[in-house]
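A.B. asks: Sharing a structure with you now.
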Amino acid sequence: MTAAIEATGVTRTYELDGVRVPALRGVSLTVPEGDYVALVGPSGSGKSTLMHLLGGLDRPTSGRLVIGGRDVSRLDPADLARLRNETIGFVFQAFHLLPRTSAVDNVALPLVYRGLGARQRRARAAAMLERVGLGHRLGHRPNQLSGGEQQRVAIARALVTDPAVLLADEPTGNLDSATGQSVLALLEALNADSGVAVVLVTHDREVAARARRQIVLRDGVIV
Ligand SMILES: Nc1ncnc2c1ncn2[C@@H]1O[C@H](COP(=O)(O)OP(=O)(O)O)[C@@H](O)[C@H]1O
Ligand SMILES: [Mg+2]
């Protein structure tokens, strides 16, 4: 299997009011294509920082990071944005949907950078919403949807570009446990069916135990 993402000795130090905060202190990990990995660790251990790096939203302070076969240190911001759009889907705890925009148009948004016409974008978005069980909610705006439905829209938006990797940072953190379970079941089914690799940050031991493997972060290093 080829690696979708490869990090070698990656560090990230934030500078805050002249104080250096070492959030990651040398992390090496490989995410093979089709992987399903749970990233666990206490609050402040660097999980979100690592997710931002793996998704090309941020760059390492030092170390080597290769996403989709490309070394991010060699990419200018526009190339990195393109790589991100082509390779990575993100799902966050707080959904981050556009509030005044329908479900189908939220999901269609990442396709704007693909040179597809509006009709094709909508057709693909509608098909993706169908796959996450929301084919009957295309015209609903986020405030007309439940939390679980909003997270399904966010998952559809993350996957509509057919990325190699889905990065989900505590995707069930704002959901009640039954709704959270159904969102996780959806992620597992999408991983199994479409082969998208999933990296999932979670506090829930049971959820982590269901992943193919677990990575534990503590104080910015893998333990
Ligand atoms: N933008 C930032 N500026 C300064 N420090 C930050 C920033 N983001 C995170 N940190 C610090 O880096 C450490 C790791 O944070 P984070 O990656 O958010 O951890 P986690 O997601 O595991 O809770 C924490 O000590 C946090 O306070
Ligand atoms: Mg976090």
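A.B. asks: Report yes if some residue within the stretch 73-88 is in a strand (DSSP E or B), of a type outside the set (Ser, Thr, Tyr) and within 16 Å of ligand 1 (Cβ to nearest atom); otherwise report no.
C.D. replies: First pass over the stretch 73-88, keeping only residues in a strand (DSSP E or B): 88.
Okay, now just the ones that are also of a type outside the set (Ser, Thr, Tyr), so 88.
Pick out the ones that are also within 16 Å of ligand 1 (Cβ to nearest atom) and you get none.
No - not one qualifying residue is present in the stretch 73-88.
A.B. asks: Moving on. Identify the single condition in (1) touching a Pro at 6+ places or on another chain (Cβ under 7 Å); (2) in a loop (DSSP other than H, G, I, E, B) that LEU116 does not satisfy, given that it satisfies every other one.
C.D. replies: Only one criterion in (1) touching a Pro at 6+ places or on another chain (Cβ under 7 Å); (2) in a loop (DSSP other than H, G, I, E, B) is unmet by LEU116, namely (1).
A.B. asks: Looking at the stretch 80-99, can you tell me whether even one residue there is within 17 Å of the chain's Cα centre (by Cα), crowded, with 20+ Cβ neighbours inside 10 Å and at positive phi?
C.D. replies: yes
A.B. asks: Could I ask something else about it? May I ask you to verify whether VAL10 is farther than 24 Å from GLN93 by Cα, crowded, with 17+ Cβ neighbours inside 10 Å and either over 20 Å from the mean Cα position of the chain (by Cα) or not aromatic (Phe, Trp, Tyr) (or both)? So that I can check it myself, show each step before the final result.
C.D. replies: Details: farther than 24 Å from GLN93 by Cα: yes; crowded, with 17+ Cβ neighbours inside 10 Å: yes; either over 20 Å from the mean Cα position of the chain (by Cα) or not aromatic (Phe, Trp, Tyr) (or both): yes.
Yes: the conditions hold for VAL10.
A.B. asks: Which residue is nearest to the chain's Cα centre (by Cα), if the candidates are limited to the stretch 126-151 and must be more than 21 Å from ALA94 (Cβ to Cβ) and in a helix (DSSP H, G or I)?
C.D. replies: Among them, the one singled out is ARG131.
A.B. asks: Go through the stretch 166-184 and report how many residues are more than 13 Å from the chain's Cα centre (by Cα) and not polar (S, T, N, Q).
C.D. replies: Adding up the residues that qualify gives 7.
A.B. asks: Quick one: in the stretch 20-48, which of the residues that are in contact (Cβ under 8 Å) with a residue 60 or more places away in the chain and β-branched (Val, Ile, Thr) is nearest to LEU217 (Cα to Cα)?
C.D. replies: Going residue by residue through the stretch 20-48, those that are in contact (Cβ under 8 Å) with a residue 60 or more places away in the chain are 22-29, 31-42, 45-48.
Filter again for β-branched (Val, Ile, Thr), leaving 27, 31, 37, 40.
Values: VAL27: 9, VAL31: 15, VAL37: 13, VAL40: 6 Å.
Looking at the filtered set, the residue picked out is VAL40.
A.B. asks: Considering only residues of the stretch 45-63 that are touching a Leu at 6+ places or on another chain (Cβ under 7 Å) and in a helix (DSSP H, G or I), which is farthest from ligand 1 (Cβ to nearest atom)?
C.D. replies: So the residue we want is LEU54.
A.B. asks: Just checking, does the stretch 145-168 include any residue being surrounded by 14 or more Cβ atoms within 10 Å (Cβ to Cβ), within 16 Å of ligand 2 (Cβ to nearest atom), on the phi > 0 side of the Ramachandran plot and of a type outside the set (Ser, Thr, Tyr)?
C.D. replies: no
A.B. asks: Among the candidates VAL31, VAL66, VAL27, single out the residue that is assigned to a strand (DSSP E or B), more than 30 Å from LEU145 (Cβ to Cβ), within 16 Å of ligand 2 (Cβ to nearest atom) and not acidic (Asp, Glu). Talk me through it step by step, then tell me what you get.
C.D. replies: Details: VAL31 fails: within 16 Å of ligand 2 (Cβ to nearest atom); VAL66 fails: within 16 Å of ligand 2 (Cβ to nearest atom).
Going through VAL31, VAL66, VAL27 in turn, the sole match is VAL27.
Here, each number is a calculation from the coordinates, and none is a lab measurement. Because the structure is a prediction, the values reported are computed rather than measured. Cβ: placed from backbone, ideal geometry, glycine included. Neighbour counts: every protein chain shown.
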